[in-house]
Amino acid sequence: MKTARGFFKPLAIGAPAPWRELPARVERMIHFVPPHLDKVRAKVGEIAPTVDVILANLEDAIPADAKGAALAGTIALSREVDFKALGVGLWVRINCLNSPWHLDEVATLVEKAGDRIDVIMVPKVEGPWDIFYIDQLLASLEAKHGVTRPILLHAILETAEGVMNVEQIAGASPRMQGISLGPADLAASRAMKTTRVGGGHPGYRVIEDPHADGSARASVQQDLWHYTFAKMVDACAAHGIKPFYGPFGAIDDPVACEQQFRNAFLMGCAGAWSLHPSQIAIAKQVFSPDPAEVAFAKRILEAMPDGSGVAMIDGKMQDDATWKQAKVMVDCARQIAAKDAEYAALYGF
Ligand SMILES: CC(C)(COP(=O)(O)OP(=O)(O)OC[C@H]1O[C@@H](n2cnc3c(N)ncnc32)[C@H](O)[C@@H]1OP(=O)(O)O)[C@@H](O)C(=O)NCCC(=O)NCCSC(=O)C[C@H](O)C(=O)O
Ligand SMILES: [Mg+2]
């Protein structure tokens, strides 16, 4: 791995200096759009003000014979909508690094939209070597095209080897903005026997012991993704980058979508992907802290102004640790309130 001093060294002469602190952005939902479909792309202008990030997808879900159209559509989109003025992030998911398409995609994106793209999402990242490669490639292209600030990287955690290496992936470059859990490819990579894209499975349960009277034994469904979330969240938190939940494929089941997003939120994730317009509101509601929780967190901060000591609030013990928990909640709410007037009013900021 890089030395402490070398970590922030520009990787190409003329490349923009790497970020020392990540830009503070609200990213509750990463909204996927298929940029090759003119009909959908034409609606991004009206959707963008309702989301935190628009992601132009070039990878899975884009047919092999439409990859060129998707790349062209992405460049067009970056010019058609003023994402910066809207305070909306523009991300692009490129094809994987062993695909025949990624090299032209990265070269074209940096040349034609380098200063308008905030984050490049890299699929199927297996280890830090994938980040080293794309980091160096981007630095050379940014220097060549005079890009003024580094494009950030976001890895999808969707292979068994990637999960094994997640800590090194998270710390592989100052460009790293975050990591998303990709449940579909990860299930395939692990040979999990499910065709679902995220969420629970009715077969994954624990059951109580047999009853003497032979009566029915209670069983409870368990969370297939808990271990992976915890490993990803720890790797991201330790390296100061953001963990996200990826796609929820049951578009017809908003209740289960909300539960999967809420599990991610409670485990420390900053946001999730929205695949369909119906999932935008779910992500916005789940990844904006509950106003009642924020109000209680404010009381904790007020009860211990210097963050030390102990206090009882509504019968609950508060101390230095819960003060830090409360600060996480209130800082997140403040950041959302600065961008979202509806929540600014709900939080009372
Ligand atoms: C999933 C979809 C194909 C569904 O599209 P459609 O059948 O058109 O849905 P509707 O008829 O309900 O659409 C209603 C209107 O909404 C528009 N629409 C649909 N999707 C979007 C969207 N993402 N953004 C904006 N607008 C959208 C439709 O055009 C309809 O408009 P109108 O006709 O004017 O009423 C579709 O939602 C879709 O393609 N979503 C994106 C899917 C995607 O990106 N998949 C890849 C990410 S998940 C993945 O790769 C797995 C991951 O990597 C892992 O391994 O886990
Ligand atoms: Mg995938």
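The values are calculated or read from the model by the stated rules, or taken from the named source; none is laboratory data. No experiment lies behind these values; they were computed from the predicted model shown. Note that each Cβ is placed from the backbone with ideal geometry, even for glycine, and that neighbours are counted across all protein chains shown. With ligands, DNA and RNA removed, areas are computed over all heavy atoms of the protein, side chains included. Shrake-Rupley method; radii C 1.70, N 1.55, O 1.52, S 1.80 Å.
At a glance:
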| quantity | calculated |
| --- | --- |
| Lone qualifier among VAL40, VAL53 - being assigned by TED's automatic domain parsing to the domain that holds HIS154 and in contact with a Phe, Trp or Tyr (Cβ under 6 Å, 6 or more places away or on another chain) | VAL53 |
| Segments classed as strands (runs of 3 or more DSSP E), wholly inside segment 170-269, with at least 1 members that are within 16 Å of ligand 2 (Cβ to nearest atom) | 176-181, 242-245 |
| Which listed residue, of ALA61, ALA70, is more than 25 Å from LYS339 (Cα to Cα), assigned to a helix (DSSP H, G or I) and within 16 Å of ligand 2 (Cβ to nearest atom) | ALA70 |
| Among residues of segment 252-293, those that are within 12 Å of ligand 1 (Cβ to nearest atom), of a type in the set (A, V, I, L, M) and out of contact with any helix residue (DSSP H, G or I) (no Cβ under 7 Å at 6 or more places or on another chain), counted | 1 |
| Only listed residue being in contact with a helix residue (DSSP H, G or I) (Cβ under 8 Å, 6 or more places away or on another chain), closer than 26 Å to ASP252 by Cβ, open to solvent by less than 50 Å² (accessible area, probe 1.4 Å) and within 15 Å of ligand 1 (Cβ to nearest atom), chosen from GLY162, GLY199, GLY178 | GLY199 |
| GLU111 vs. criteria open to solvent by less than 10 Å² (accessible area, probe 1.4 Å) and of a type in the set (D, E, K, R) | no |
| Residue match in segment 75-91 (condition: within 16 Å of ligand 2 (Cβ to nearest atom), buried (at least 23 other Cβ atoms within 10 Å of the Cβ) and modelled with pLDDT of 95 or more) | yes |
| Breaking point among (1) more than 10 Å from ligand 1 (Cβ to nearest atom); (2) outside any loop (DSSP other than H, G, I, E, B), for ILE47 | (1) |
| Filter pass, LYS144 being in a helix (DSSP H, G or I) and either open to solvent by 10 Å² or more (accessible area, probe 1.4 Å) or more than 13 Å from ligand 1 (Cβ to nearest atom) (or both) | yes |
| Residue list for segment 50-74, filter: open to solvent by 60 Å² or more (accessible area, probe 1.4 Å) and within 10 Å of ligand 1 (Cβ to nearest atom) | ASP60, ALA61 |
